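I have placed the structure first, in the form of structure tokens, so that the comments after it can refer back to it.
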Amino acid sequence: MEVLLARDYHQLSQMAARLVAAAIKEKPALTLGLATGATPLGLYRELVRLYQEGELDFSQVVTFNLDEYYGLFPDDPCSYHYYMETNFFQHVNLRRENIHLPPGRAEDVTATCAAYEAAIAAAGGIDLQVLGIGRNGHIGFNEPGAALNATTHLIDLAPETIRANARFFASINAVPRQAISMGMGSIMKARRILLLASGRDKAWAVAAALEGPVTTRVPASLLQLHPRVTVILDRAASRQLQGKANRDEGWPMCY
Ligand code: F6R
């Protein structure tokens, strides 16, 4: 696991965008796994900027999002479909047919989840998966528990996640209680993973994920078992790491 320290959120976003851009330049038909939430907003802004400056071409890139709230229509401003559309998709030259998100409404959830897994497999698997991390150590919406799901599934959101995500809704009561999320196996099968964390409210989850025991109680700790993970943290998110002593920004730490 390679851990890079950024001075602040802006630098974190630039470093993340450079890494994603390099992956697309190396493989123009990259299969890119995407996250939502506050953390990757700066990354999307940087990628849009690089596209507008003629530095990046998304015409062959294929995307798969991690998750979607269950019950929301794609045009609901709180849905992840809407988030991706407004923050990224409509600003770059991704082809519509290359964009995939779990549907928010599905008659047959089991079949829908299986179809999502099949689509990832048919695309050749995910080359690079971008992840944020929940304050409780979740990735995607794989919440801490005694056991974790391997594949795309319907999950009950943890009370802590509902509280944390209420900032994106009119009230906490409006936050959906369930989501469809890629599973831990779907994520771990990605050939490369980029985990981003910013802010002091992520410091506990980051330390538990990177330096704590591998446990389903901290889903992100399973990333310790993945052969190719890059983590980019700002100073605040790195505060509880023991291994960071005397390290300068941009200096890689290896775990
Ligand atoms: C969203 C996702 C979640 C978020 C996490 C952190 O697609 O997969 O795991 O990455 O909840 O959210 P923010 O970035 O809003 O703190």
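The values are calculated or read from the model by the stated rules, or taken from the named source; none is laboratory data. Quantities reported herein were computed from a predicted structural model and do not represent experimental measurements. Cβ: placed from backbone, ideal geometry, glycine included. Neighbour counts: every protein chain shown.
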Identify all residues within the stretch 196-212 that are among the hydrophobic types (A, V, I, L, M, F, W, C) and outside any helix (DSSP H, G or I); write none if there are none.
L196, A197
Can you name the residue in the stretch 18-41 that is within 16 Å of the ligand (Cβ to nearest atom) and part of a helix (DSSP H, G or I) and, of all such residues, is surrounded by the fewest Cβ atoms within 10 Å (Cβ to Cβ)?
L41
Name the residues in the stretch 212-244 that are surrounded by fewer than 20 Cβ atoms within 10 Å (Cβ to Cβ), modelled with pLDDT of 95 or more and more than 16 Å from R135 (Cβ to Cβ), would you?
P213, V214, T215, T216, Q224, L225, H226, P227, R228, T230
Test A106 against the criterion of being more than 16 Å from the ligand (Cβ to nearest atom), at pLDDT below 95, more than 16 Å from the chain's Cα centre (by Cα) and not in a strand (DSSP E or B), and give yes or no.
yes
Give me the pairs, please: first residue somewhere in the stretch 101-128 and touching a residue at least 12 places away in the same chain (Cβ under 8 Å) and under 17 Å from A35 (Cβ atoms), second residue anywhere and among the small types (G, A, S) and surrounded by fewer than 16 Cβ atoms within 10 Å (Cβ to Cβ), beta-carbon distance under 7 Å, and either six or more positions apart or on two chains.
G104/G71
Residue check for K189: away from the ligand (no atom under 12 Å from the Cβ), farther than 13 Å from L131 by Cα and either among the aromatic types (F, W, Y) or modelled with pLDDT of 95 or more (or both)
yes
Would you confirm whether any residue within the stretch 80-94 is in contact with a Ser or Thr (Cβ under 6 Å, 6 or more places away or on another chain), surrounded by fewer than 18 Cβ atoms within 10 Å (Cβ to Cβ) and modelled with pLDDT of 95 or more?
yes
Can you find a residue that is in a helix (DSSP H, G or I) and modelled with pLDDT of 95 or more anywhere in the stretch 51-72?
yes
If you go through the stretch 43-73, how many residues are of a type in the set (V, I, T) and closer than 17 Å to A115 by Cα?
2
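Quick grid of which residues meet (1) near the ligand (Cβ under 9 Å from one of its atoms); (2) part of a loop (DSSP other than H, G, I, E, B); (3) surrounded by fewer than 19 Cβ atoms within 10 Å (Cβ to Cβ):
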position: Y116; (1), (2), (3): no, no, no
position: G124; (1), (2), (3): no, yes, yes
position: A146; (1), (2), (3): no, yes, yes
position: A150; (1), (2), (3): no, yes, yes
position: L154; (1), (2), (3): no, no, yes
position: A166; (1), (2), (3): no, no, yes
position: G185; (1), (2), (3): no, no, yes
position: L194; (1), (2), (3): no, no, no
Could you say whether any residue in the stretch 42-57 is within 13 Å of the ligand (Cβ to nearest atom) and within 22 Å of Q224 (Cα to Cα)?
no
Over the stretch 168-182, the set of residues surrounded by fewer than 20 Cβ atoms within 10 Å (Cβ to Cβ) and either within 18 Å of the chain's Cα centre (by Cα) or closer than 21 Å to T63 by Cβ (or both) is F168, Q178
